[in-house]
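Here the structure is laid out as structure tokens; the discussion comes afterwards.
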Amino acid sequence: MITDTHAHLYYPEIMKKLDEIILRAQDKGVDRIIVPAVDIDSSRMVVDLANKYEIIYCAVGIHPCEVNNNTLDAVNEIEKLIQNEKVVAIGEIGLDYYWDASNSDQQKEFFSIQLELGRSYELPVIIHTRNSLSDAIKTVKDKYSENLRGQFHCFSGNLDELKEILLLKDFFISYCGNITYKNFAGLELIKNTPGDRLLSETDSPFLPPVPYRGKTNEPSFITHTLMKISEINQIDYGLLLNKIENNVTDLFFRK
């Protein structure tokens, strides 16, 4: 069993061949795919996809790059969508200072409110942290309680930031296909991420692993990233899959 915890399957290049993509994923052992949204429109889309395909679950939320295009009333719409049983998380939320740091206060406000939404409904949060990890960790700590749990997706921080996150109970780390690239400089991060805090993701259609670099990423490619983690950490591949699936179930599918 493998779960792709982060695949944006609503992009046009994926939607037009989604049935094929899902079949290829299943052939590789992927039996669950979590599709995170970035705004109200995509939140509605991912709920529709999850209702249509048994293999698909979803997360709803406002991405930091979309806060300029939304008012806080959008969070009320997100809250309505949470009622669907296929919604397993709030996301993709967080902070992004790569594209625009001028609205950082607005980003933090959206992030904090959506963290509170996750805490109130006891749903995990999927966190985006491009060039913003230190502030994102601080914001999570400000809202932290036993009811707040989540995933720092596509992790690219430093060892000190990794250690800070690992001190937070029920927060997990995931890595993408870029860890298979020759210029990847984060081997020590992977080596220092315990197996009981790892999740699996592709971030499709972005960051395809070798040997698919330059192509549109999809969930079936996830095995290459997982095999690289197995190689880096010198852990049996089957054992790694079991550990990660236990983590995925505990975070997103606990009963």
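The values are calculated or read from the model by the stated rules, or taken from the named source; none is laboratory data. Remember, predicted model here, so these are calculated numbers, not experimental data. A quick note on method: Cβ atoms are made from the backbone with ideal geometry, for glycine too, and the neighbour counts reach across all protein chains shown. For accessibility, only protein heavy atoms count, side chains too; no ligands or nucleic acids. Shrake-Rupley method; radii C 1.70, N 1.55, O 1.52, S 1.80 Å.
Might you tell me the accessible area per residue for the chain, computed with a 1.4 Å probe and given in Å²?
45 Å²
With all pairs of different alpha carbon atoms counted, what Kirkwood hydrodynamic radius in Å does segment 78-225 show? Walk me through the numbers before you get to the answer.
Working: mean 1/r = 0.0622 Å⁻¹.
Mean inverse Cα-Cα distance, inverted, gives 16.1 Å.
Where a ≥ b ≥ c are the square roots of the eigenvalues of the C-alpha gyration tensor, would you call segment 96-172 rounded, which needs a/c under 1.5, or, failing that, prolate if a/b is larger than b/c, or oblate? If you can, show how the numbers build up before the last one.
Details: a/c = 1.96, a/b = 1.15, b/c = 1.71.
Taking the square roots of the gyration eigenvalues as a ≥ b ≥ c, segment 96-172 is oblate.
Net charge near residue 120: determine it from the other residues with C-beta under 12 Å of the C-beta of residue 120, scoring Lys and Arg +1 and Asp and Glu -1.
-1
Just want to confirm a number: the relative contact order over segment 96-255, from Cα pairs under 8 angstrom separated by 6+ residues, in percent. Before the final figure, lay out the partial values.
Values: 221 pairs, mean separation 28.4, N = 160.
Relative contact order, segment 96-255: 18 percent.
What are the principal axis extents of the Cα atoms in the chain, in Å, biggest first?
Computed over the Cα atoms, the extents are 45, 41, 37 Å.
Name the residue, out of 35, 75, 125, whose mean-square fluctuation peaks in a Gaussian network model built on the chain with Cα pairs under 10 Å.
75
Do you know the relative contact order of segment 1-88, to the nearest whole percent, from alpha carbon pairs under 8 angstrom that are 6+ apart?
In percent, rounded to a whole number, it is 27.
Straight-line reach from residue 16: which aspartates and glutamates have a Cα under 17 Å away, not including same-chain ones fewer than 8 places off?
Candidates past the 8-residue exclusion: 48, 218.
Sequence neighbours fewer than 8 away in the same chain don't count; with that in mind, list the lysines whose C-alpha is under 28 Å from residue 108.
80, 86, 138, 141, 143, 163, 169
Report, in debye and to the nearest 20, how large the dipole of segment 144-230 comes out about its Cα centre when Lys and Arg carry +1 and Asp and Glu carry -1 on their Cβ.
It works out to roughly 340 debye.
Using Cα positions and a limit of under 17 Å, work out the lysines in reach of residue 228, with same-chain residues fewer than 8 apart set aside.
Output for residue 228: 28, 182, 191, 243.
Where the only charges are on Cβ atoms (+1 Lys, Arg; -1 Asp, Glu), what is the dipole of the chain about its Cα centre, to the nearest 20 debye?
Result for the chain is approximately 580 debye, rounded to the nearest 20.
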